[in-house]
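See structure below.
Just so it is clear, none of the values below were taken in a lab; they were calculated from the coordinates. Fair warning: this is a prediction, and the values are worked out from it, not measured in the lab. Quick reminder, even Gly has a Cβ in these numbers, built from the backbone with ideal geometry, and neighbours come from all protein chains shown.
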Amino acid sequence: MKSFWQSLPHPFTVLAPMEGVTDVVFRQIISQIGRPDVFFTEFTNCDGLMSKGRRRVEDALLFSENEQPVVAQIWGLRPENYYKTAQYCREKGFAGIDINMGCPVDTVIKKGACSALIKNHSLAKEIIDATKEGAGDLPVSVKTRIGFDSISLTDWVGFLLQQDLAALTLHFRTVRELSKVPAHWDCLPEIMKLRQELAPKTLIIGNGDVGSLQEVKEKYDLYGCEGIMIGRGIFSNPWLFNTNVLLEEVTITDRLDLYLRHIRLFEETWEGKKNPDSLKKFAKTYIQNFPDAGSLREKVVLSKNSTDMQKIIESYKATP
């Protein structure tokens, strides 16, 4: 069955899944000001989702229909819970399911999950197979890195390309490199060759150090990968995906109004269920490149609650 992945333009854009960032609130804000072609949810632990504590986990899988196509990104250890979570995601109406095999956090690796699966092909295959079985007609994809201690294209990427995936997102760094070195986009020609040999229908999505639509076009023209995923670039420019907005033309009022909209939507959505301190991580996103930005950011970060945050921003706006 044809999935949404086949109907996307080339190159298509994807907003990367980021814990504590790309929740339903932030995705709604991005939807309103200029969206990517595809959204991913935050990482969602399928073992937690299938436990007694599921209510603490399932908020990560909230979405609105105007975000479609939206892909649920899941992680965990037990194949049977991937199967059940895939069923859950299908019933919820997601467009696809993505398996996180790239998170480099030490505590996750020690559990044997995410990027630890780079060293455990048998479990990785069990997880992929269980997810596909539970997903039914939903497309299943994987997001990973290009190796653990060193680059491993034939062994790891080649292995994944043999798993009949709808799409494969590659962060062009190893697990050990974290984000400390430039992304190895120079590996992509070999990966594209492998793809043509092993899985010509699997779409390749590149990820790492891309911060503008111009760079998206440049990477596509140079390497031919069908999609580009952008993560940290959204912090510098929330309007990144909007072809009609030039960042230098965005006014201070535009920035602050958007921050206020984000704070209010957070309050409306979570109704006290989530700590508003998480909104402070967006201070540098919205409050930058204008006089007194540093002092205003500091006041916002030191605020006691979301009401205070709004008062501080409104007060700045009202200052002549």
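Its relative contact order, with pairs defined as Cα atoms under 8 Å and 6+ residues apart, puts region 1-157 at 19 percent.
Using a 4.7 Å Cβ-Cβ cutoff, the cysteines of the chain lacking any partner cysteine are 46, 89, 187, 225. Legend: translational diffusion of region 94-158 by Stokes-Einstein, Rh = Kirkwood radius over C-alpha pairs, 20 °C, 1.002 mPa s; D = 174 µm²/s. Each distinct pair of alpha carbons in region 1-68 adds a 1/r term; the inverse of their mean, the Kirkwood radius, is 13.3 Å. Test of understanding: in a Gaussian network model of the chain with alpha carbons linked when under 10 Å, which of 256, 240, 117 would top the mean-square fluctuation ranking? Residue with maximal mean-square fluctuation among 256, 240, 117: 256. 3J(HN,Hα) along region 204-218, derived from phi through the Karplus expression 6.51 cos²θ - 1.76 cosθ + 1.60 where θ = phi - 60°, amounts to 9, 10, x, 8, x, 6, 9, x, 7, 5, 5, 5, 4, 4, 4 Hz, with x in place of Gly and Pro. Bridges between two residues of the chain, per DSSP, are antiparallel at a rate of about 5%. Relative to the globular-protein estimate of 2.2 N^0.38 Å, the Cα radius of gyration of region 45-193 stands at 1.03. Where a Cα-Cα gap under 26 Å defines reach, which lysines qualify for residue 119, not counting those fewer than 8 residues away within the same chain? Leaving aside lysines fewer than 8 places away in the same chain, those within reach of residue 119 are 84, 110, 111, 132, 143, 180, 193, 201. Length available on full extension from residue 180 to residue 242: 0.36 nm per residue minus the Cα-Cα distance, which gives 19.5 nm. How would you classify region 192-265 from its alpha-carbon gyration tensor, with a ≥ b ≥ c the square roots of the eigenvalues: rounded for a/c under 1.5, else prolate if a/b is greater than b/c, otherwise oblate? It is prolate, given that a/c is not under 1.5 and a/b is the larger ratio.
Full extension of the chain between residue 119 and residue 260 gives 46.3 nm of extra length, using 0.36 nm per residue less the Cα-Cα distance. An ellipsoid equivalent to region 123-167, defined through the eigenvalues of its Cα gyration tensor, has semi-axes of 22, 10, 8 Å when rounded to whole angstrom and sorted largest first. Working note: Karplus 6.51/-1.76/1.60 with θ = phi - 60° gives region 169-181 the couplings 9, 10, 7, 7, 9, 7, 4, 5, 6, 6, 10, 7, 10 Hz, where Gly and Pro are set to x. Using a Gaussian network model of the chain in which every pair of alpha carbons under 10 angstrom is joined by a spring, one finds that among 106, 59, 47 the greatest mean-square fluctuation is at 106.
Pairwise Cα distances in region 107-226 exceed 24 Å in 26 percent of cases. Stokes-Einstein, applied to the Kirkwood radius of the chain over Cα pairs at a viscosity of 1.002 mPa s and 20 °C, places its translational diffusion at 105 µm² s⁻¹.
Counted residue by residue at 0.36 nm each, then reduced by the alpha carbon distance between them, the extension gain from residue 305 to residue 149 reaches 51.9 nm.
In the chain, the DSSP-assigned H stretches of four residues or longer account for a calculated mean residue ellipticity at 222 nm of -11000 deg cm²/dmol, using -39500 (n - 2.57) per stretch and the full residue count as denominator. Just checking the listed ones, 169, 107, 41: in the Gaussian network model of the chain with Cα springs under 10 Å, the one fluctuating most is 107. Taken as Cα centroids, region 69-117 and region 181-197 sit 24 Å apart, rounded to the nearest whole angstrom. Among rounded, prolate and oblate, which fits region 155-230 when a ≥ b ≥ c are the square roots of the eigenvalues of its C-alpha gyration tensor, a/c under 1.5 means rounded, and a/b larger than b/c means prolate? Oblate, since a/c reaches 1.5 and b/c is not below a/b.
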